[in-house]
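Some notes on the structure that comes next.
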There are 2 protein chains.
Amino acid sequence: MISKTKTRTRDDRADRTQKKILRAAVQEFSTHGLSGARTDRIAGSAKVNKALLYYYFKNKQGLYAAAVEAVAARVVENALAEFDRKYSAGERLLRSALNHFDRILTQREFQSLMQQEMVRFRSGKSGSIPVLFRAAFTPLIAKMREATEDGIRNGEICQMDWLQVMYSIFGANVFYFLSAPMMELALPFRPFGPKALKLRREAAVQFLGAALFTDRAAGMRLANRVLRDMPMPRVKNVQARIENFHARRRPL
Amino acid sequence: MISKTKTRTRDDRADRTQKKILRAAVQEFSTHGLSGARTDRIAGSAKVNKALLYYYFKNKQGLYAAAVEAVAARVVENALAEFDRKYSAGERLLRSALNHFDRILTQREFQSLMQQEMVRFRSGKSGSIPVLFRAAFTPLIAKMREATEDGIRNGEICQMDWLQVMYSIFGANVFYFLSAPMMELALPFRPFGPKALKLRREAAVQFLGAALFTDRAAGMRLANRVLRDMPMPRVKNVQARIENFHARRRPL
DNA sequence: ATCAATTGATTAACTGGTTAGTTAAATTAT
DNA sequence: ATAATTTAACTAACCAGTTAATCAATTGAT
């Protein structure tokens, strides 16, 4: 009961290897999808025997579910923070938009896994994941609705359906990252370059400021204030991170 | 050279089977993705021997590329029509937004394939498809840019980056369809129901009207006019179509 | 404290079903 | 006939999942 600093107690080690497996799984699944992912590759890059995946997780799907869950939990929690009542309803919306952008920017695996899941949802069911998502997103959506309706009530926000507001907020962000690799083919610059990212980040909030608020000028001012208040998070090298995804070490 | 009406000239037949294969391939790839798709299933639902796939298309990837190309070509062509110079710049933008929505609505396979490709693009290259996309989308993007810059020049549209306009237009649409199956879990209604679709379609254009135009009221009026001008296309039963996707006949 | 016995963690090697791709023979239109 | 089209049957590779054995930490009896 004393050991904590350097000890390698049994279930401490076990815990570490489980985490190693999960990390590797998130990587693999987010780049190759459920059916494209290879259990050998996951075991390989976690430097662990393949049988361990089945020891800790029922099967490939179980591992997948665990990976999705891990990522989702990490994300939703931090998203809720921006809905603090100390901000005005309009500001809460703008803040959550920025938070959403930054979350995608810094946690690419989340975005990638979500994309995959959204595609998978179309055809039949996806195991236990629906349950997981309902639990995770319901509170987030509720906050969004509350903020929109508050804003309309006190005259800050234009009279409009809260759901449509939500789509406009999330849509542009998701689409930017979703389409960037493809857009790169038809654009004269790299959408993942730091300059382009910064520009898009600002444009997204300013666009909302211009569209949502009854007083357009006030909306723009608020957008700029929020931008000053929430600086863009540092990300080493988005482009490189993405390209490295498929450059993993082959297990013997 | 005479036969056209009922004749089954040799390469007429061949042409038909090729098309049958392509249709089946589009279905399969759009529901299961490249690695999830099964060549046996494609052959089966095209009622054709599997070897034919390899006779007409080099391999699975080749078939995939052909499927993507077929869908993309069909789509881009019809998208360009809305950029007719007889409309004002602002109207061209609103029209293309609506056209984009309707295109996704009526040709789900396109949306699905594009999603898959966007995910695939992230990790390494995707064969010959980049070339294909550059060719298809460059003119479309150019039109979009032209319309935005025209509108800014004549004062119709707010001073803003054309690229950001494009993201806002496409983003909300793509995200709506992308997220609908998942949103269904956390919403009190079905986003693919006809009522929800109609609502979203209107909201999307109205939102743009409110955000893009220097004269917001005029923008809203224009949005409503365009909506009257382009009625929502009839779609039998979106929900059913989607659910049927995975209920394909197993070949013996 | 010492050392079996026990329990949990990890591995190498294997299995069986699946699936992309091939081949050689049969059919069909001209 | 003959060249293009279509098929049935096959194969080689792959890959999710298993098994039986090994290794290492913990327990507990002395």
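Selection over the stretch B:60-102 of residues that are in contact with a Ser or Thr (Cβ under 9 Å, 6 or more places away or on another chain), within 22 Å of B:Ala135 (Cβ to Cβ) and within 16 Å of DNA strand D (Cβ to nearest atom) gives a count of 3.
When B:Leu187 is tested against (1) at pLDDT below 90; (2) at the interface with another protein chain (Cβ under 7 Å from one of its Cβ atoms), only condition (2) is not met. Here A:Lys19 does not qualify as within 12 Å of DNA strand C (Cβ to nearest atom), farther than 20 Å from A:Ser112 by Cβ and among the charged types (D, E, K, R). Take the residues in the stretch A:69-93 that are at pLDDT 90 or above and out of contact with any Lys or Arg (no Cβ under 9 Å at 6 or more places or on another chain); name whichever of them is nearest to A:Met230 (Cα to Cα). My answer is A:Leu93. Candidates A:Ile129, A:Ile141: the one that is buried (at least 20 other Cβ atoms within 10 Å of the Cβ) and either more than 30 Å from A:Arg16 (Cβ to Cβ) or modelled with pLDDT under 90 (or both) is A:Ile129.
Candidates in the stretch B:1-45 are the residues that are farther than 24 Å from B:Gln107 by Cβ and away from DNA strand D (no atom under 13 Å from the Cβ); of these, the one that is modelled with the highest pLDDT is B:Thr7.
The values are calculated or read from the model by the stated rules, or taken from the named source; none is laboratory data. This is a predicted model, so every value here is computed, not measured. Positions of Cβ are generated from backbone atoms using ideal geometry, with glycine treated the same way; all protein chains shown enter the neighbour counts.
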